[in-house]
1. Compute the FRET efficiency between B:ALA302 and B:THR128 as 1/(1 + (r/R0)^6), taking r as their Cβ-Cβ distance and R0 = 60 Å, and round to the nearest 0.05.
2. Using alpha carbons only, how many angstrom separate the centre of the range B:162-187 from the centre of the range A:164-240?
3. Mind checking the alpha-carbon convex hull of the range B:242-416 and giving the volume per residue in Å³?
4. What are the ³J(HN,Hα) couplings of the range B:404-413, residue after residue, when phi is run through the Karplus curve with 6.51, -1.76, 1.60 and θ = phi - 60°? Round to Hz, x for glycine and proline.
5. Quick check on the range A:33-126: of the DSSP beta bridges with both residues there, what percent are antiparallel, nearest 5%?
6. Please give the peptides B:223-232, B:357-366, B:413-422 ranked by average Cβ packing (other Cβ atoms within 10 Å per residue), highest first, as a rough proxy for protection.
7. GNM, chain B, Cα, under 10 Å: largest mean-square fluctuation among B:THR284, B:THR393, B:THR436?
8. Please give, to one decimal in nm, the separation of the simple spin-label points placed at B:SER110 and B:GLN356, each 7 Å out from Cα toward the Cβ.
Amino acid sequence: MRAMRVVVTVALVVCWAIGCTALGAQLQQSQSPWSQPAAELAGQIADILGPGQAQLTVRNLSTIQAGEIPSIRKLIEQDLKARGVLAGGTESANAIRVTLSENARERLWVAEVIEGNETRVTMVHVGAGEASAIRTTNERVVLRKEKMPSLVARSGGTMRDDPILAAAEINGHLVVMFDDRISVFSSAGGRWIESNSFAMSSKLARDARGILLPTADGGSFTAYAPGTQCSGSYSLPLNGAAQDSGWTVRCRASDDPWPVYQSADASSAPALKAFYNAARDFFTGVVTPNIGVDLPPFYAAGMIPRPAGGAAVLLAGVDGKVQTVENGVMRPIAGARDWGSDLAVVRSGCGMGTQVITSSSGEAANDSLRAFGIPALEAIPESNALGMDGTVTALWTAQDGKSAMAVVRNGAGEYEVDRVSALCN
Amino acid sequence: MFRRFAISFVFTLAALGATARTRPHYGGTLRVEVAGDPWQRPSGIARRLVYDGLTQLDPSGALQPALAISWEQDNSFHRWQFRLRPGVRFHDGTVLTSATVVASLKASCSARCPWDAVKAVGPLVIFTNDSSMPNLPALLASDQFLIALTANADGKTPAGAMGTGPFQASDFKNGVLALAANENCWSGRPFADSVEIRVHRSIRDQWLDLGLGRADLVEVPAEQLRQAQQQRLSVLTSPPIVLLALQVSDAGLLANVKVRGAIAAAVDRSALYNVIFQKQGEVTASLLPQKMSGYSFLFPTARDLNKAHELRGGLATGELTLSVEGEGAMQLAGQRIALNLREAGFNVQMAPVGVQHSDLMLRKFLISGNDPSAALERILWDADALVPVTEQTSADLYKREQTILENRKIITLVDLPLGYASGARIRDLRVRADGTPDLAGTSMEDAR
């Protein structure tokens, strides 16, 4: 009697386990991203073929991983079976040839249903997924990339193709400088939605650049674009008006020098301003205040504080040379031969304390960023290269002084803003 | 042999000297060499440098504003209005107005336009048509509708090519077309100060000049891409955007669709792809390439000589003439097709080079942009068979293509890429959606 009870218990447990496994498998399949298109395609095939038997072949002309094809085939088989079409039987006169294809806009699953000499075609659309990977490093400083949420235009569409010159988070809003306007975005549902836009008639350039500088109190900003200077301010709207309606931006034609870097204390006034050549997209070399030496034309500048006090001015020249100006003397920096034209000085507190993050690409399709320490006259790598998803078109020190902001244009010509932080390893 | 070695050696040295990427420099002269006429449609390299369209395609093939900043349709795509970009001037200083645009558009297509009427109203250019024109903005981005000044403020015809593009024609001497940077270009001044285009230069001489540093950008025909890569040239290619197709007359015996079907079945596409074009691009029997449509594989490409004989049914077709657009590999492709057709019982003779009117024409069609509906309409326009393509879904476009191809007036063969090789000075070179190099966005490493 006792043995009988044990047998029944074991049998129940086994049945429960099998049931759970089957249910799990079923759930897994119903949760597959391919379930819906497979069911839709099977339905269309069944409508053409009617109940019966057919030989099924599945081939892949898309970017779907080969490892996923058996499960897709299984889904189609199951859905066909549910509609009375049995896949299999090489002797069957009917054949179903499924091709997993794709075009520039979407995935396309195509079924050719062959009955004797007649072939009929049906197809379903499948949404394409995206994946991105973040590379990390294992040196003294680790660069970490954080993509900012996507920008959504007022019309509701994405604005990934609009060239972004600069961006900053101010008063809980994202202020973005494009080549023809300054837009204010409000955060909603994990995205930045454009809420205000102010036209800016800057001179168009092939390699357009701009600077957007929040004020120390974080309530307003000054923006510089070729031939144009804008100032924006925010005041809390009255009478329950929308928070984002408090922005005012005014632009005027201007050839005033641009602030090229802040002093170590970001709350103070710009430490150096430089005149910008709007027809050639570089700084002329004329700076204010005068730092005691004639500077060559340059693309970017930064300031590196020295442990013993004082600071060195770092210049990325138009001629590709990187130089420092310290105590009125200009000297070349070694180890910077493969640097790009943009640089951002960040105070990470790790390694040498201050790093220069710079773009560097060589002939690779995508740019990369890397942090360097410059204790004297040599640039010493302090991080591994951080791969970016395209060309870095702008790079500057973020408002916190501890991270850099990068604008990246990918191969499809779409722009995104990334925050790159230098973390201690 | 020595020449080939010399070219390889020079490029190896150039590669060793490559430096890292910095911001692009302004200045310098880009030296380009081409085998054909730089003004010739649809891929003449000078056209896109000197002229702009109302719309343009970005490198990804998406439609973007150009001389028009916005456009909207009315009355179910029977009426379109385009708003012009303010402040744009032609190279001679003449202001771009809706009237100058209308005059240019009328000159570009005269009686054979995809619209019934185009008129200027203030800053607007308005198109109207009895038929729907759903793809007009994309069509206006094509090479045919680039805007040129037809008469200046004095009513006189301007001397030479006058557009609004990043470069202006400055001189043509000793086979070299000189273009100078347009300092006031609406889209920004180009990086290079000037471009020199040496015309009618053989491919062999182009490559030699590139190797010796006498040229910065040269052409690489599809059939020589493999060779260029073997010689370690820095090669840039477009996607397969040139559709090679046989356009078949429907006159005389060719009015019989079965005879045209026999021609389609007799053509050996694989031989063209493997032998003539050295496995570049892709074999196709559809109008839109697989990457654009996703369903191109549904159109069978295999040769079926038995079917060709069966469809011809012993009919004597008399002598058919086959003309070929282009030289070199195109002529070889034409000869190969003539051979295929003779094997199927057709008496085919090659027309002399330059003859365009014949029973069969081997032609190139440009497929640009990422909108399959607009691309299909553009092919039909180029084939003198313009009918609006309103289909949007892949299933509907497939049916439409099937209907077009069933009448066998266009027999598609191979999709080919366009290729270029550049020297070590060149940087940021990109290929536009129409396969031409974007020289306005290109700069040189040694420019200061």
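1. 0.85
2. Measuring centre to centre over Cα atoms gives 36 Å.
3. About 104 Å³ per residue, rounded to a whole number.
4. These are the phi-based 3J(HN,Hα) values: 5, 6, 4, 7, 6, 7, 10, 10, 7, 10 Hz.
5. Percent antiparallel among DSSP bridges in the range A:33-126 is about 65.
6. The packing order, highest mean first, is B:413-422, B:357-366, B:223-232.
7. Answer for the Gaussian network model of chain B: B:THR393.
8. Here the modelled spin labels are 1.1 nm apart.
Values quoted throughout were computed directly from the atomic coordinates according to the rules given, and no laboratory measurement underlies them. Everything quoted here is computed from the prediction, not taken from an experiment. Quick reminder, even Gly has a Cβ in these numbers, built from the backbone with ideal geometry, and neighbours come from all protein chains shown.
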